[in-house]
1. Of (1) under 15 Å from residue 31 (Cβ atoms); (2) assigned to a loop (DSSP other than H, G, I, E, B); (3) in contact (Cβ under 8 Å) with a residue 40 or more places away in the chain, residue 75 satisfies all except one. Which?
2. Just to be sure I understand, how many residues within region 84-104 are assigned to a loop (DSSP other than H, G, I, E, B) and in contact with a strand residue (DSSP E or B) (Cβ under 8 Å, 6 or more places away or on another chain)?
3. Take residue 81 and tell me if it is exposed (fewer than 15 other Cβ atoms within 10 Å of the Cβ) and either more than 12 Å from the chain's Cα centre (by Cα) or part of a loop (DSSP other than H, G, I, E, B) (or both).
4. Kindly provide the set of residues from region 5-47 that are exposed (fewer than 13 other Cβ atoms within 10 Å of the Cβ) and over 19 Å from residue 97 (Cα atoms), ordered by number.
5. Looking only at region 56-70, filter to residues that are without any contact (Cβ under 8 Å) to a residue 24 or more places away in the chain and touching a strand residue (DSSP E or B) at 6+ places or on another chain (Cβ under 6 Å); which one of those is surrounded by the fewest Cβ atoms within 10 Å (Cβ to Cβ)?
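Every number here is computed from the coordinates shown, using simple stated rules; none is lab data. Just so you know, these numbers come straight off a predicted model, no measurement behind them. Glycine gets a Cβ as well: all are built from the backbone with ideal geometry, and neighbour counts include every protein chain shown.
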C-alpha cells in the first residue's frame, strides 16, 4: 500500500462541504459527510465535468453537467448517464490532518 499524504486539514472542510485537491498528479474530491471524510476522483465518469461544482446531499454528489449521481462512500454510480464508478481513495485522519493514499 502506498504511503498516506496530507492533502488538507479538517478545518478546511465543514460537514456537508466538498474540496478539490491534487494527489499524485490526480484531481481528487474530498467530502465531509457528517464528520466522516471521503476521497473520490474529481471528474464525472460520464463527461469529465468537475464534481466539486456539483451538489452534495448526504453521501450523494450530483454532477452539474448532466445530473449523474454517485455515492461518495463507495464511488458507485446511482443514476445515469454515468455508468462507471468513481475511483475511491483511502482516507486517514491524523489529528487535524486529512491524509489520503493511492487507490487499492
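1. Failing condition for residue 75: (3).
2. Going through region 84-104 one residue at a time, the tally reaches 9.
3. Numbers: exposed (fewer than 15 other Cβ atoms within 10 Å of the Cβ): yes; either more than 12 Å from the chain's Cα centre (by Cα) or part of a loop (DSSP other than H, G, I, E, B) (or both): yes.
It is true that residue 81 is exposed (fewer than 15 other Cβ atoms within 10 Å of the Cβ) and either more than 12 Å from the chain's Cα centre (by Cα) or part of a loop (DSSP other than H, G, I, E, B) (or both).
4. Selection gives 25, 47.
5. Filtering region 56-70 for residues without any contact (Cβ under 8 Å) to a residue 24 or more places away in the chain gives 57, 60, 62-67, 69.
Next, only the ones that are touching a strand residue (DSSP E or B) at 6+ places or on another chain (Cβ under 6 Å) stay: 60, 62, 69.
Numbers: 60: 16, 62: 18, 69: 18.
Applying the filter and picking the extreme gives 60.
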